[in-house]
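Chemist: Dumping the structure here so I can ask a few things about it.
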Amino acid sequence: MADTKYIFVTGGVVSSLGKGIVAASLGKLLQARGYKVTIQKFDPYINIDPGTLNPYEHGECYVTFDGHEADLDLGHYERFLNIPTTRANNITTGRIYQSVIDKERKGDYLGKTVQVVPHITDEIKRNVKLLGTKKQFDFVITEIGGTVGDIESLPFIESVRQLKWELGKNCICVHLTYVPYIAAAKEYKTKPTQHSVKQLQELGIQPDVLVLRTEHLLKQDILHKVALFCNVAEDAVIQSVDVPTIYEVPLVLQRQNMDVTILRKMGLEAGPTPGMEEWKKFLERKAGATLTVRIGLVGKYVELQDAYKSIDESLLQAAIYNDHKLELHLFHSEKVNEGNAAKLLAGMDGLLIAPGFGQRGIEGKFAAIRYARENDVPCFGVCLGMQCMVIEFARNVLGMEDANSTEMDRTTPYKVIDLMEEQKNVTNMGGSMRLGAYECTLKKGSKASQAYHKEHIQERHRHRFEFNNQYREQFEAAGMKCVGENPETGLVEVIEIPRLKWFVGVQYHPEYNSTVVNPNPLFVSFVKAAIDNK
Ligand code: GLN
């Protein structure tokens with residue numbers, strides 16, 4: 001394709017409408033037509049990246065293979081498109097300003113007054129186009145975080161306006177709004193949508209396509225009304241009705257020809273509608289599953305919908321590939337203890353011990369792990385979860401009383417998890433962990449290598465602390481084996497207890513690397529073990 005095409009996805013009325021899912025679904029539909037597509041997210045907050053944000057603020061922090069701590073929407077993009085994102089796919093206001101201020105200090109602006117327009121907007125535009133300039137992609141989809149009308153997103157919206165003006169047909173805006181149903185009046189209300197579009201128009205942008213988020217199917221007259229009042233063609237008003245799974249959204253949009261409408265607007269031939277066979281097969285397997293597997297997730301953020309997003313999705317994918325329904329039970333780690341673990345966790349076919357930071361809830365993780373280890377319940381420890389498996393083993397099997405990670409207790413007599421050498425002098429919090437994809441060599445015959453069907457893998461990391469190799473022999477002699485390590489540094493990446501059915505801990509985050517058409521093998525293997533354990 002000659003020119004890269006740019007599609008912006010903005011949102012109005014309220015937040016949390018699923019712009020990320022709409023962007024990912026549209027990307028999927030274009031990809032299914034043979035186009036090369038990438039999706040990026042622009043977040044209007046001042047943090048340089050979400051790495052320093054508490055999950056209560058912003059849900060899960062996703063990590064790209066090149067080590068960028070990113071917005072969780074990048075996880076959706078990867079799960080849908082099955083291609084990796086990078087640091088270029090997630091830009092924040094903080095990064096834009098940092099780069100402009102760096103340039104100002106270097107004298108790049110040649111004495112000019114540096115202003116939001118044009119300097120910040122130019123920097124935003126440069127970042128939008130960065131992914132398109134190398135002609136690697138036919139479509140660059142850019143999701144603008146926040147809601148139209150927010151003060152902080154104004155420079156982004158102004159940049160979209162300018163790009164639409166500059167790029168003409170090669171640039172369109174898809175605006176996502178909400179159509180609420182007022183039960184007392186028994187009516188759907190389009191006014192919030194009209195207002196939100198008006199706000200966009202006041203900022204100089206006429207949306208090309210509207211996606212109406214709705215709980216129930218809207219009748220044609222509502223769509224007609226929205227089209228008329230919002231100055232949008234009727235076939236460009238798409239509805240995104242609530243569906244049981246986010247993975248159905250691409251098909252919902254395809255049925256309304258959203259991709260065809262967009263291609264036509266951008267001057268491209270649509271051609272035949274792709275069958276989406278692989279995607280549909282996944283959904284059919286999901287719908288066809290009758291048996292249930294019960295997985296318990298033990299973590300301190302379980303009350304937050306998005307805190308373990310990638311883990312939830314990886315478990316769901318793994319269950320579907322095992323032809324089972326996933327029944328996910330959430331256990332708050334602060335509420336689990338030695339006294340109640342057996343009773344609380346008794347019905348679980350498998351347990352996943354969540355990643356995390358800090359002391360809070362850590363004892364509950366130990367109690368859950370002890371229960372799993374002593375009762376041979378399949379157990380999967382991820383990052384901090386793996387570290388907890390090591391600590392629990394040290395305390396209760398090796399008799400190392402008060403063994404701990406130096407993250408939790410600097411004075412512990414047994415530092416079985418300790419700070420990495422290169423982390424010892426780091427004082428900067430942001431982006432200073434061991435981040436991104438690293439090699440790992442797996443021991444032949446281990447559960448992990450059987451799961452991956454290979455001995456050399458690459459998985460993504462996000463941690464400061466690690467297994468202390470000084471204790472390796474003691475652990476191995478007592479039955480906890482280090483079966484995966486980094487070939488260059490010897491850092492322990494995977495531990496397991498081979499005599500148990502499935503007891504595996506990984507220092508890395510396999511959940512960042514699991515997509516609809518390519519589920520993570522370790523999750524598939526864990527869920528299978530849980531099913532076999534029923
Ligand atoms: N807090 C631990 C560390 O920094 C684990 C981090 C995590 O679970 N992502 O090493």
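Read-outs: derived from the displayed coordinates by stated rules, not from any lab. Here the structure is a predicted model, which is why all the values come from computation and not from measurement. Reconstructed Cβ throughout: ideal geometry from the backbone, glycine too, with neighbour counts over all protein chains shown.
Chemist: Full extension from V241 to A477: what is 0.36 nm times the residue separation minus their Cα-Cα distance, to one decimal in nm?
Modeler: 79.3 nm
Chemist: Could you tell me which of L291, S333, M276 has its Cα farthest along the dipole of region 241-338 towards the positive end, charges placed at Cβ (Lys, Arg +1; Asp, Glu -1), taken about the Cα centre?
Modeler: M276
Chemist: To continue, here is another question. Give me the extension gain from E401 to Y181: residue separation times 0.36 nm, minus the current Cα-Cα distance, reported in nm with one decimal.
Modeler: 73.3 nm
Chemist: Next question, about the same structure. Using only the alpha-carbon atoms, what does region 293-352 span along each of its principal axes? Please give whole angstrom values in decreasing order.
Modeler: Result, largest extent first: 35, 23, 11 Å.
Chemist: If R0 is 30 Å, what FRET efficiency do you get for N337 and D409 from their C-beta distance, rounded to 0.05?
Modeler: For R0 = 30 Å, the calculated efficiency reads 0.95.
Chemist: Calculate the tail of P(r) for region 421-534: the fraction of all Cα-Cα distances greater than 21 Å, expressed in %.
Modeler: Values: 2608 of 6441 pairs.
Of the Cα pairs, 40 percent sit more than 21 Å apart.
Chemist: Let me ask something additional. In nm, to one decimal, how far is the modelled label at Q206 from the one at K534, with both set 7 Å along Cα→Cβ?
Modeler: Roughly 5.7 nm, to one decimal.
Chemist: Express as a percent, rounded to the nearest 5, the fraction of DSSP beta bridges in region 1-157 (both residues included) that run antiparallel.
Modeler: Restricted to region 1-157, the bridges split so that about 10 percent are antiparallel.
Chemist: May I pose another question? Under the 0.36 nm per residue contour assumption, what length would be gained going from the current alpha-carbon distance of H453 and V14 to full extension?
Modeler: Extending this stretch completely gives an extra 153.5 nm.
Chemist: Please compute one quarter of the surface area of the Cα convex hull for region 470-534 and express it in square nanometres.
Modeler: 5.6 nm²
Chemist: Which is farthest toward the positive dipole end of the chain among A530, I362, Y178, measuring Cα position about the Cα centre, with Cβ charges +1 (Lys, Arg) and -1 (Asp, Glu)?
Modeler: The one lying farthest along the dipole's positive direction is Y178.
Chemist: Moving on to the next point. Tally Lys and Arg at +1 and Asp and Glu at -1 over the other residues with C-beta under 11 Å from the C-beta of Y6: what net charge comes out?
Modeler: +2
Chemist: Related question: How far apart, in nm, are two points set 7 Å out from the Cα along the Cα-to-Cβ line at N469 and at I46?
Modeler: Result for the modelled spin labels: 4.3 nm.
Chemist: Which values of log₁₀ I(q)/I(0), to two decimal places, follow from the Debye formula for region 10-129 at q = 0.17, 0.20 Å⁻¹ with a uniform point scatterer at every Cα?
Modeler: Log10 of I(q)/I(0), two decimals: -0.93, -1.15.
Chemist: Also: Just flag the GluC sites (Glu not before Pro) in region 224-270 sitting in loop per DSSP whose Cβ has no more than 13 other Cβ atoms within 10 Å.
Modeler: Working: sites: E234, E248, E269; in loops: E269.
Of the GluC sites (Glu not before Pro), the ones in loops of region 224-270 whose Cβ has at most 13 other Cβ atoms within 10 Å are E269.
Chemist: Compactness ratio of the chain: Cα Rg over 2.2 N^0.38 Å, N = residue count?
Modeler: Compactness ratio reported: 1.03.
Chemist: If you don't mind, there's one more thing I want to ask. What percent do you get for the relative contact order of the chain when only Cα pairs under 8 Å and 6+ apart count?
Modeler: Relative contact order of the chain: 15 percent.
Chemist: Taking the Cα centre as origin and putting +1 on Lys and Arg beta-carbons and -1 on Asp and Glu beta-carbons, what dipole magnitude results for region 60-174, to the nearest 20 debye?
Modeler: With only Lys, Arg, Asp and Glu charged at Cβ, the dipole is about 580 debye.
Chemist: Antiparallel DSSP bridges in the chain: what percent, to the nearest 5?
Modeler: Working: 24 of 75 bridges.
So the antiparallel bridges in the chain amount to around 30 percent.
Chemist: Here's another thing I want to ask about it. Can you compute the label reach from I151? Point 7 Å from Cα along the Cβ direction, backbone N cut-off under 18 Å, restricted to region 22-59.
Modeler: 44-47, by backbone N distance to the label point.
Chemist: Placing +1 at every Lys and Arg Cβ and -1 at every Asp and Glu Cβ, with all other atoms neutral, what dipole size does the chain have around its Cα centre, in debye to the nearest 20?
Modeler: On the way: 63 positive and 67 negative charges, 196 e Å.
Computed about the Cα centre, the dipole is about 940 debye.
Chemist: Residue by residue through region 403-410, what is 3J(HN,Hα) from phi via Karplus (6.51 cos²θ - 1.76 cosθ + 1.60, θ = phi - 60°)? Round to whole Hz and write x for glycine and proline.
Modeler: 4, 6, 8, 5, 5, 8, 8, 5
Chemist: Still on this model: For region 340-349, in order, what is each residue's ³J(HN,Hα) by Karplus, 6.51 cos²θ - 1.76 cosθ + 1.60 with θ = phi - 60°, in whole Hz (x at glycine and Pro)?
Modeler: Ordered by residue, 3J(HN,Hα) equals 10, 4, 4, 5, 5, 9, 3, x, 7, 7 Hz.
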